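Below: the structure, in structure tokens.
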Amino acid sequence: MKAFVQNEAGSRVKHSHNEKTLELLGTSQVSRAYPFPYGFVLDTTADDGLSVDCFFLTEKPLRTGQIVECDPIGLMEQFEDGKADHNVLAVIHGEEVLVTKKVIRTLTDFVAHVFDHIPGKTMHVGNFLSRPGALKYITSHRDSAAPATE
């Protein structure tokens with residue numbers, strides 16, 4: 001699958017893009033630095049009307065605006081203000097990375113505190129699903145005109 005890198009690992013800058021045209025709309029600061037590069041799966045639309053969110057589990061420096069060929073290896077259930085806003089966990093095509101307990105702790109801590117600066121914002125992490133769960137989620141949110149590839 002192809003995914004767009006929106007935010008860089010180690011940065012507290014959150015970029016907002018038109019997720020269909022990829023036009024940069026603006027930036028803001030979040031309360032925690034992104035532990036991994038973060039973006040979205042192209043040609044998808046999640047329940048919130050935006051593209052399916054994606055964390056890239058890699059040590060490689062990915063830059064905002066890059067389009068990356070990657071493989072889904074898991075899904076982190078996430079709920080923002082009580083609404084589903086799940087994240088695909090992906091690896092760069094050709095890399096082998098596992099969703100370890102350390103990765104789970106890192107992502108859970110990040111999600112719990114990334115929006116501490118917004119009063120009343122609630123974030124909750126649910127289950128971590130394996131590759132089949134991620135593939136099912138992506139497929140169910142693929143835009144109708146998009147090719148059905150991984």
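Listed values, structure above:
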quantity	calculated
Residue list for the range 80-136, restricted to those being within 18 Å of SER51 (Cβ to Cβ) and either touching a helix residue (DSSP H, G or I) at 6+ places or on another chain (Cβ under 7 Å) or part of a strand (DSSP E or B) (or both)	GLU80, LYS83, ALA84, HIS86, ASN87, VAL88, LEU89, ALA90
Yes/no for LEU129 being more than 23 Å from VAL13 (Cα to Cα), modelled with pLDDT of 95 or more and surrounded by 13 or more Cβ atoms within 10 Å (Cβ to Cβ)	yes
Qualifying residues in the range 46-66 (those that are surrounded by 18 or more Cβ atoms within 10 Å (Cβ to Cβ) and among the hydroxyl-bearing types (Ser, Thr, Tyr)) - the one nearest to ILE92 (Cα to Cα)	THR64
Restricting the range 22-39 to residues that are surrounded by fewer than 17 Cβ atoms within 10 Å (Cβ to Cβ) and of a type in the set (A, V, I, L, M), the residue that is nearest to CYS70 (Cα to Cα)	LEU22
Test: residue in the range 141-149 that is of a type in the set (Val, Ile, Thr) and at pLDDT below 95	yes
Scan of the range 25-58 for residues that are more than 20 Å from MET123 (Cβ to Cβ) and free of Cβ contacts under 8 Å to residues at least 12 places away in the same chain, ordered by number	LEU25, GLY26
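The values are calculated or read from the model by the stated rules, or taken from the named source; none is laboratory data. None of the values given here were measured: they were computed from a predicted structure. Backbone-built Cβ (ideal geometry, glycine too); neighbour counts: all protein chains shown.
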